Amino acid sequence: MNAEEPQITVFISYSHKDEQYKESLEEHLAVLRRAKKISHWSDRKIVPGTSWAAEIDRNIETADVILLLVSPSFIASGYCYEKELSLALKRHEAESAVVIPIFVRPMDLTDEPLMGLQGLPKDAVSIVEWSNEDLGWRDVARGLRLVVDDLLERKRRHHEPSGFTTVQETLAEMVDNLDRLNGSGSISGISFGLVDVDHLTDGLHPGQLITVASRPGMGKTNLTLGVAASVALSGLPVVIFSTKIARREVMNRLVTITGRISHTRFQVGRLNEDDWPSLTHSVQQLSEANMWFDDSTDLAMGALRERCLAAKRKLGALGLVVVDSVSYISVSPDTAGREGVIARGLKALARELECAILVTAPVSRTVEVRPNKRPVIPDLQSWTELADESDMVAFVYRDEYYNYDTPDRGTAEFIIAKNQYGPIGPVRLLFAAEYGTVSDFSLKP
């Protein structure tokens, strides 16, 4: 790298009782430092005669990456915990710095706010718990290299003009894409796993934000899990944030959906003879899928972004991110216009990840008092800004929920109310309540 290229500034926060671990960290950062990818700062660089508090504040406020050397001494230190950790978490929440805990000595960190951050070494096994501490530091260095390279690439994109492209170049790309699609006879995006939905939407596209909303009991969680399973089983990595239901229940639903097994029988453990082959096949399929789960009940927007970026660094290009539900995403308490901030953040994240984000949202109970209870975009109420930012907005509606004798029993409507890639309108689907599955109506036997 030459001197004109950007560097990543790293702030190291630690207790002086952990000086030896700070020095070991600096040794393992030497490769990145010599490559001029980073410059790092700790309080040992304070020049005599200057205000140490002002120097610490200045450096922690300007760092790109803040490393927290977590130990019992760090947590017990009033300055480390109350001052430096507090500033770090504020910058993390504002998405102005990447904050990474580095676990150097073991302790119980249950309910500590920093446990919401992705730390190193892997699985939060502290440095002293490794049989060879250098192997633990190597794991740290590898994780930091991924973060640094990602930040450097973003800095380059920020500082370098994208440049113009000619109309001829753009037209050539368009024609090449049309030739490819014409030859394949397929959609240009990733399949929803629902043929009729794919025909209307052209599938899932990178950078796309999709909102699926409904009243409770309509099946939107199962529908989105079915889409996630379809994408994962096609070989693409999928990340699922389930704020409403625990990871185990998500897995139960995925098994019963992909295996078409009675959810009730599965829950009580009373499977019949026909269920066991289906269960075996479903488990085998899902065990080969690349799916990550996060069932945090309180999911900060900043934490959502960092965990998605960490997943992308580990897995490569993501196929889909699912967030169920948007209502549980939090931002800083003093942030005005919470829903708008979350909506814009989700759209920006979809573009940054270069994959589709599918998020579920609630519908106001005002639909319950109307003769026609099919939702429309204004029924999102406080989440209408989410609809504005979304490339696609769809509602799930089942008439049998309100009208037992309806001729539409066993069906659901996927009502596309906004669609950047095609027409809007309802798509009729089959809904099997016993299994929680949604499937193509056009393929009804």
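For region 38-57, a residue qualifies if it is among the polar types (S, T, N, Q) and either surrounded by 15 or more Cβ atoms within 10 Å (Cβ to Cβ) or outside the structural domain of residue 86 (by TED's automatic domain parsing) (or both), and exactly one does: 42.
Output the residues belonging to region 354-383 that are outside any loop (DSSP other than H, G, I, E, B) and without any contact (Cβ under 8 Å) to a residue 12 or more places away in the chain. Walk me through how you get there before you give the answer.
Of the residues in region 354-383, the ones outside any loop (DSSP other than H, G, I, E, B) are 356-362, 365-369, 377-383.
369, 378, listed by residue number.
Would you mind finding the one in 30, 35 that is surrounded by fewer than 14 Cβ atoms within 10 Å (Cβ to Cβ) and over 23 Å from residue 122 (Cβ atoms)? Break it down stepwise before answering.
Details: 30 fails: over 23 Å from residue 122 (Cβ atoms).
Answer to the selection: 35.
The sole residue among 412, 343 that is in contact (Cβ under 8 Å) with a residue 24 or more places away in the chain and either more than 30 Å from residue 155 (Cα to Cα) or not assigned by TED's automatic domain parsing to the domain that holds residue 293 (or both) is 412.
Restricting the search to helices (runs of 4 or more DSSP H) fully inside region 46-147 and requiring at least 1 residues that are of a type in the set (Asp, Glu) gives 52-62, 86-93. For region 390-406, a tally of residues being part of a strand (DSSP E or B) and aromatic (Phe, Trp, Tyr) returns 2. Put simply, of 311, 343, 317 the only residue that is under 28 Å from residue 202 (Cα atoms) and part of a loop (DSSP other than H, G, I, E, B) is 317. Within the set 317, 394, 387, the sole residue that is over 25 Å from residue 95 (Cβ atoms) and among the small types (Gly, Ala, Ser) turns out to be 394. Residue 271 meets each of the listed conditions (1) among the aliphatic types (A, V, I, L, M); (2) under 30 Å from residue 99 (Cβ atoms); (3) in a loop (DSSP other than H, G, I, E, B) apart from (2).
Of all the numbered requirements in (1) small (Gly, Ala, Ser); (2) part of a loop (DSSP other than H, G, I, E, B); (3) within 27 Å of residue 311 (Cα to Cα), residue 336 misses one, and that requirement is (3). Among the numbered criteria (1) charged (D, E, K, R); (2) in contact with a strand residue (DSSP E or B) (Cβ under 8 Å, 6 or more places away or on another chain); (3) without any contact (Cβ under 8 Å) to a residue 12 or more places away in the chain, which single criterion is violated by residue 428? In the conditions (1) charged (D, E, K, R); (2) in contact with a strand residue (DSSP E or B) (Cβ under 8 Å, 6 or more places away or on another chain); (3) without any contact (Cβ under 8 Å) to a residue 12 or more places away in the chain, residue 428 misses (3) alone. Within region 62-79, the set of residues being surrounded by fewer than 23 Cβ atoms within 10 Å (Cβ to Cβ) and either among the acidic types (Asp, Glu) or in contact (Cβ under 8 Å) with a residue 12 or more places away in the chain (or both) comprises 62, 64, 65, 72, 73, 75, 76, 77.
The values are calculated or read from the model by the stated rules, or taken from the named source; none is laboratory data. All of these numbers come straight from a predicted model, not from anything done at the bench. Neighbour counts run over all protein chains shown; Cβ positions are idealised from the backbone, glycine included.
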